[in-house]
Amino acid sequence: MSGPIIRIRGLCNAFGDQIVHQDLDLDVDEGEVLGVVGGSGTGKSVLLRSIIGLNTPAAGHIEVFGQELTGLRGDTRRRLERRWGVLFQDGALFSALTVAQNIEAPLKEHLSLSRSLMDEIAALKITMVGLGPEAGSKFPSELSGGMRKRAGLARALAMDPEIVFLDEPTAGLDPIGAAAFDELIGSLQSQMGLTVFMVTHDLDSLTAICDRIAVLAEKRVLAIGTMADMLQQDHPWIREYFHGPRARAAGVGAGTNGI
Amino acid sequence: MTDTRGRIESISAGNRLEIHLSGRWEVGYAAELEIALAQLSPPVDQPVLIDLSGLDRLDTTGAWLIHRGSEALRSPRRSVTLSGARAEHEQLIARVSGLYQPCEIQPPAGNALIRLVARLGENALTVLDTAASFTAFIGLTTVTLLRSLLHPRRLRFNAITVHMEATGINALPIVSLISFLIGIVMVYQSAFQLTRFGAQIFVIDLLAFSVLRELGVLLTSIVVAGRSGSAFAAEIGSMKLHEEIDAMRALGMDPVEILVLPRILSLMVVLPLLVFTADVMALLGGAIMCWISLDIAPDLFLQRLRSAVDLPTFWIGIVKAPFFAGLIALTGCYEGLQVSGSAESVGQRTTRAVVESIFLVIVADALFSVVFTILGL
């Protein structure tokens, strides 16, 4: 496939009087890790939800895998949805199912595999995301926050998707856990050739694994590019974000643009 | 478009079997590939070569299928070799096979008989536990109530009025409709029986006695238990899940005073009023039915009603309402505070709140009957 894997043109989103997005354009290339940043209330999560179809935009076009999403229904839509995985904040695991059953849920829904193959795939995904085999039979309420995120990622990867959407994957994790999670996403991405769309506030993740960064502000994508590009930007919010005290602490731009 | 699905072809070449894998070995084709792999059954001592050079795309499920298939073919007398894989496919297969560790899907279930006995014991202990902690909760609420009465400013009138609207005014339509229909049904059913003795006029006695003494208050209580008891449990339960109750305690606020008391007090005020409405509506339904089916005009109905029942009969129904209200609200709040863990727990506790409060209301009603009989009412 040529061209971007996700292509958004003229996206508008509004809730009542409040306009969240206006004429928003964004391209995501195949195989890249795109980090989406922006202040609170700039519609990062709304953008993610619009792409995966949980939110119907007021206007605009969203193409994923070269197919227009708006107005797509039924089987065609389901076939497309099988090709991406979503990790919600805090995992959003089904609380009535064990971790292994959570991973098997999409497999059961979409495919007719044998019991043993499904159990093996679930076990494989559990170890792939760095959980021990004992986690399989546990219920989500018995897991720590970091383990829940890993389990959520395992479920997102159950159908071997081509794109994974991550909503603040490292929020609420301790720095060591967050770094380990970054590394996990990076290694899975390179092994499986995934495209990763990641909403995040974690400057460490942005430097560690994102190929490009998109900044949402003023109801659109204000800037998109590599970390080096971001450091060159003059917009006050972007300067504040990437040159602020937290950015310095995270070592952003160290050696290139020390202030 | 060319067919890109994953395929298996096996060819006997000399004394060995060559299996050519081609196309896209992806999760979408896993079901058919699994079956095709299981059908391969070469003679026991024939060496097998699996050729991966035709593979187009490979994902982790495909890699696992290849690993699994080759391991199934491997035996002491038969060698299996993988060949021709692209570097990235070989890596993926190696990684997948290296990572895999079998795991439990569900917690082990154990022996059925032992589970049965264990559950019996657990339930018995839970009943005792619940009785003890519910009693403690009643005590705690009473103490908090008395303390609040000493400092009336601590009674939250705003919260009380909000709950009065939610549990009282908003319940009016459904309570009225149900009682109206019950009045109609009562008259219709008893008219059929009493006409056979020529005693139609006693339909009114029957209706008034049963509605005013028992049916009005009992029906209203059951509706309110289903509407408001469950709402109390679910509201407080989800606050508990989101640590709001803990936050209150940490801020030095008393959850019983803030959440439980207003609910109990408002329901105790509102339920007698609802019962009054229910009584009126049931009698109205009955009067209309009398007029239609028995030709008893409304003025005759009223006359008969006044001679059939006296004021104490009416009060006997109303006086029970605050007690029932207390039971319903206490159970709902208590079960809400018992929520822990997951969203499932909110559902379980809400169900328990409704079932327990209806049960308690009926038990209390039986006790009231005994007491009133002793008092000769």
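Among the residues here, B:ASP310 does not qualify as in the same structural domain as B:ILE169 (by TED's automatic domain parsing), under 30 Å from the mean Cα position of the chain (by Cα), of a type outside the set (Phe, Trp, Tyr) and farther than 19 Å from B:THR161 by Cα. So which residues in the stretch A:91-104 are within 12 Å of another protein chain (Cβ to nearest Cβ) and either assigned to a loop (DSSP other than H, G, I, E, B) or of a type in the set (A, V, I, L, M) (or both), if there are any at all? Across the stretch A:91-104, the qualifying residues are A:ALA92, A:LEU93, A:PHE94, A:SER95, A:ALA96, A:LEU97, A:THR98, A:VAL99, A:ALA100, A:ILE103.
Looking across the stretch B:13-30 at every residue that is open to solvent by 40 Å² or more (accessible area, probe 1.4 Å) and within 14 Å of chain A (Cβ to nearest Cβ), the one that is nearest to B:ILE93 (Cα to Cα) is identified as B:ARG24. Within the stretch B:82-105, the set of residues being buried (at least 16 other Cβ atoms within 10 Å of the Cβ), more than 11 Å from every other protein chain (Cβ to nearest Cβ) and charged (D, E, K, R) comprises just one member, B:GLU90. Count of the stretch B:49-61 residues, restricted to those that are surrounded by fewer than 20 Cβ atoms within 10 Å (Cβ to Cβ) and more than 14 Å from chain A (Cβ to nearest Cβ), is 4. Output the residues belonging to the stretch B:128-146 that are free of Cβ contacts under 8 Å to residues at least 12 places away in the same chain and open to solvent by 50 Å² or more (accessible area, probe 1.4 Å). Once the filter is applied, which keeps residues that are free of Cβ contacts under 8 Å to residues at least 12 places away in the same chain and open to solvent by 50 Å² or more (accessible area, probe 1.4 Å), the stretch B:128-146 yields B:LEU128, B:ASP129, B:ALA131, B:ALA132, B:THR135, B:ALA136, B:THR142, B:VAL143, B:LEU146. For the stretch A:171-208, a tally of residues being part of a helix (DSSP H, G or I), open to solvent by 30 Å² or more (accessible area, probe 1.4 Å), of a type in the set (A, V, I, L, M) and in contact (Cβ under 8 Å) with a residue 12 or more places away in the chain returns 4. Those residues that are among the aliphatic types (A, V, I, L, M), more than 9 Å from chain B (Cβ to nearest Cβ) and in contact (Cβ under 8 Å) with a residue 40 or more places away in the chain, I need them from the stretch A:115-169; list them, please. Within the stretch A:115-169, A:VAL129, A:LEU143, A:ALA151, A:LEU153, A:ALA154, A:ALA156, A:ILE163, A:VAL164, A:LEU166 meet the criteria. For first residues located in the stretch B:108-127 and open to solvent by 100 Å² or more (accessible area, probe 1.4 Å), partners that are outside any loop (DSSP other than H, G, I, E, B) and lie 6+ apart or on another chain with Cβ distances below 9 Å form the pairs B:PRO108/A:SER137. Filtered by the rule that a residue be over 22 Å from B:PRO312 (Cβ atoms) and either touching a Gly at 6+ places or on another chain (Cβ under 6 Å) or open to solvent by less than 60 Å² (accessible area, probe 1.4 Å) (or both), the stretch B:342-377 gives B:SER342, B:SER345, B:VAL346, B:GLY347, B:ARG349, B:THR350, B:ALA353, B:VAL354, B:GLU356, B:SER357, B:ILE358, B:LEU360.
Out of B:ARG213, B:ARG249, one residue alone is basic (Lys, Arg), in a helix (DSSP H, G or I) and touching a residue at least 24 places away in the same chain (Cβ under 8 Å). It is B:ARG213.
The values are calculated or read from the model by the stated rules, or taken from the named source; none is laboratory data. Predicted model only: the values in this text are computed from it and were never measured. Note that each Cβ is placed from the backbone with ideal geometry, even for glycine, and that neighbours are counted across all protein chains shown. With ligands, DNA and RNA removed, areas are computed over all heavy atoms of the protein, side chains included. Shrake-Rupley method; radii C 1.70, N 1.55, O 1.52, S 1.80 Å.
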